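Visitor: What follows is a single structure, and I will ask about it in a moment.
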Amino acid sequence: MVATQERTLADKLRLDFPILYQEINGQPLVYLDNAATSQKPLVVLEALQDYYRRDNANVHRGVHTLSSRATDAYEGSRDKIAAFVNASSRQEIVFTRNATEAINLVAYAWGQSTLQPGDEIILSVMEHHSNLIPWQMVAQRTGAVLKFVELTDTQEFDLDHFRSLLSDRTKLVSVVHVSNTLGCINPVEEIVAIAHTHGAKVLIDACQSAPHMPLDVQAIDCDWLVASGHKMCGPTGIGFLYGKLDLLRSMPPFLGGGEMIADVYLDHATYADLPHKFEAGTPAIGEAIALGAAIDYLTGIGMDKIHAYEEELTAHLFRRLAEIPELKIFGPQPKANGSGRAALASFTAGDVHPHDLSTILDQAGVAIRAGHHCTQPLHRVIQAQSTARASLYFYNTTQEIDTFVAALKEAIAFLAGCLGSTVGSADSVIWEISLSRRSCCSVWELVWKGDRLLRLT
Ligand SMILES: Cc1ncc(COP(=O)(O)O)c(C=O)c1O
């Protein structure tokens, strides 16, 4: 009797992502760059198109039918996000362009009006530049001081070091939930509880957690939380800020203009109630509505199911990567069942440059990212100039991981061969290149042979 194989989440859902069904360089696309941005399901593409085809009008200002439809859909999306993160009020959700803008909003509106010289802001060394630069700027303007939580031996958030940095001078703790480079999942509930005992506010960067696991801002008890729509099946140009109601009320506006006002006089104005106080100008209406469709889609699948399936993928990814002795993978090891870290792996392979790896993998149809992933200070800490990163989402399959690992093995063997080949004479390399014209040789092989030739002449 043939056992029926259980269909995975990806088997059930891949058809929703038309972009995945294409060839890149003659090979089926294997998209493993989800930490940078996720792909969008048909329902999101349709929501965006439907809005522009049927309902396009500016929000809040009009009483005509199109404007009410646009307003209802836009505000409906806010309700969906509020439910998605379990906010206690829809007024706690502010639409922004992305997570970066949401952090800047808090840095300018709260930081600049609250922080005094000598006040301390605690970040960690693993922060994305989006959660570092705005605080550097605010610190420069206010005289506040930045402090950084180090990594443990397993390259995770060092809670003991964090505790040692806190004092009554600490006014803010702003940390990432899931590191986009290390893949570690930080104990945000504990971090918030500890920070609150010192009276500090806490911002959580949920860019890499909101797309992958259930989130509950009331359980975390954070003061603010930010995320970007494009990493969670939504379009680019839309993200959100969650903030506790009283705190948002106490903050001055970030940007001034239309939509964020109540009454305007020539010399002064009063501001709209939350959340509009922080949404100056015409917002990204279609994008916000499409993000609502993405939230419906994710909620329909179930964030717990997404998280559980991604753990299976993580276990498979790390099992397969362990076959490559040259690899150094950063961040904590997952448990045998794949739990304990995010479904991504940043790695180096000896002297092979991650950009070369990524370029050669692209020839095999595999999309991974190479570089510093907007965590340059972290790369200094882990002593890597850059890393290659494969990051997964629920539409990825174990077969895709196998394709990636096979291509990675070949790429490393090929590049390591090129690196080790400064021996020999220029004449022998010219001979090899002339042979390549007759045999099947990839463009990259030729480029490398040309490079070797340059080094030998
Ligand atoms: C952990 C983390 N924080 C913040 C960001 C910034 O996101 P965005 O560029 O969408 O604002 C990213 C994006 O990669 C991220 O991974």
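Visitor: Looking only at segment 44-300, where both bridge partners belong to it, what percent of the DSSP beta bridges are antiparallel (to the nearest 5)?
Guide: 45 percent
Visitor: Also, I was wondering about something else. Among 373-379, 178-184, how do they line up from the highest to the lowest mean number of other beta-carbon atoms within 10 Å?
Guide: Those peptides, ordered most packed to least, come out 178-184, 373-379.
Visitor: Another question, then. Taking the dipole about the Cα centre of segment 252-336, with the C-beta of Lys and Arg at +1 and of Asp and Glu at -1, give me whichever of Tyr271, Pro283, Met303 is farthest to the positive side.
Guide: Farthest towards the positive end: Met303.
Visitor: Rounding to the nearest 20 debye, state how big the charge dipole of segment 44-300 is about its Cα centre with +1 on each Lys and Arg Cβ and -1 on each Asp and Glu Cβ.
Guide: I would put it at about 540 debye.
Visitor: Using the alpha-carbon centroid of each, what span in Å lies between segment 53-106 and segment 286-345?
Guide: Using only Cα atoms, the two centres lie 28 Å from each other.
Visitor: Okay, next question. Can you give the charge dipole size of the chain about its Cα centre, rounded to the nearest 20 debye, using +1 on the beta carbon of Lys and Arg and -1 on the beta carbon of Asp and Glu? Could you put the intermediate results ahead of the total?
Guide: On the way: 37 positive and 52 negative charges, 127 e Å.
Value, rounded to 20: 600 debye.
Visitor: Take the residue pairs Lys231/Lys305; Lys147/Lys305; Lys80/Lys335; Lys40/Lys305; Lys231/Lys409 and return only those whose Cα atoms are more than 25 Å apart.
Guide: Lys147/Lys305; Lys80/Lys335; Lys231/Lys409
Visitor: Okay, next question. Could you please tell me the mean projected area of the C-alpha convex hull for the chain, averaged over all directions and given in square nanometres to one decimal?
Guide: Projected over every direction and averaged, the Cα hull of the chain covers 28.2 nm².
Visitor: Which value, in Å to one decimal place, does the Kirkwood hydrodynamic radius take for segment 123-231 when every pair of different Cα atoms is included?
Guide: Computed over Cα pairs of segment 123-231, the Kirkwood hydrodynamic radius comes out at 14.1 Å.
Visitor: For a bin width of 10 Å, list the pair-distance distribution of segment 160-210 built from all Cα-Cα distances, rounded to whole %.
Guide: Using 10 Å bins, I get a P(r) of 26, 53, 21, 1 for segment 160-210.
Visitor: How much mean residue ellipticity at 222 nm does the chain get from its helices, if each DSSP H run of length 4 or more adds -39500 (n - 2.57) and you divide by all residues, to the nearest 500 deg cm²/dmol? Intermediate results must be reported in sequence, preceding the final value.
Guide: Numbers: 16 runs with 179 residues, N = 457.
Calculated mean residue ellipticity at 222 nm is -12000 deg cm²/dmol.
Visitor: Another question about this same structure. Pairing the Cα long axis of helix 398-419 with the longest principal axis of the chain, what angle in degrees results, from 0 to 90 and rounded to the nearest 10?
Guide: 60 degrees
Visitor: Compute the angle between helix 426-436 and the longest alpha-carbon principal axis of the chain, please, reported from 0 to 90 degrees and rounded to the nearest 10.
Guide: For 426-436 against the chain, the angle is about 80 degrees.
Visitor: On C-alpha positions alone, give me the angle between the axis of helix 188-197 and the longest principal axis of the chain, in degrees, nearest 10.
Guide: Taking the Cα atoms of the chain, the angle to 188-197 is about 40 degrees.
Visitor: Give me the one-decimal Kirkwood hydrodynamic radius in Å for segment 44-300, with the sum taken over alpha-carbon pairs.
Guide: Evaluated over segment 44-300, this radius sits at 18.8 Å.
Visitor: Local charge sum around Ala87 (other residues, Cβ-Cβ under 15 Å, Lys/Arg +1, Asp/Glu -1)?
Guide: That sum, taken over residues with Cβ under 15 Å, equals -2.
Visitor: Hey, what's the Kirkwood Rh for segment 247-297 if you take every pair of different alpha carbons, in angstrom?
Guide: Evaluated on segment 247-297, it is 12.3 Å.
Visitor: Over the chain, what is the relative contact order in percent, taking alpha-carbon pairs closer than 8 angstrom and at least six residues apart?
Guide: The normalised contact order for the chain reaches 20 percent.
Visitor: Also, I was wondering about something else. Could you please rank Met251, Met137, placing first whichever residue has the fewest other Cβ atoms within 10 Å of its Cβ?
Guide: Arranged by neighbour count, lowest to highest, Met251, Met137 become Met137, Met251.
Bear in mind that the values in this text are calculations on the coordinates, not laboratory data. In this text, all values refer to a predicted model and were calculated from it rather than measured experimentally. Every residue, glycine among them, receives a Cβ derived from its backbone with ideal geometry; neighbour counts consider all protein chains shown.
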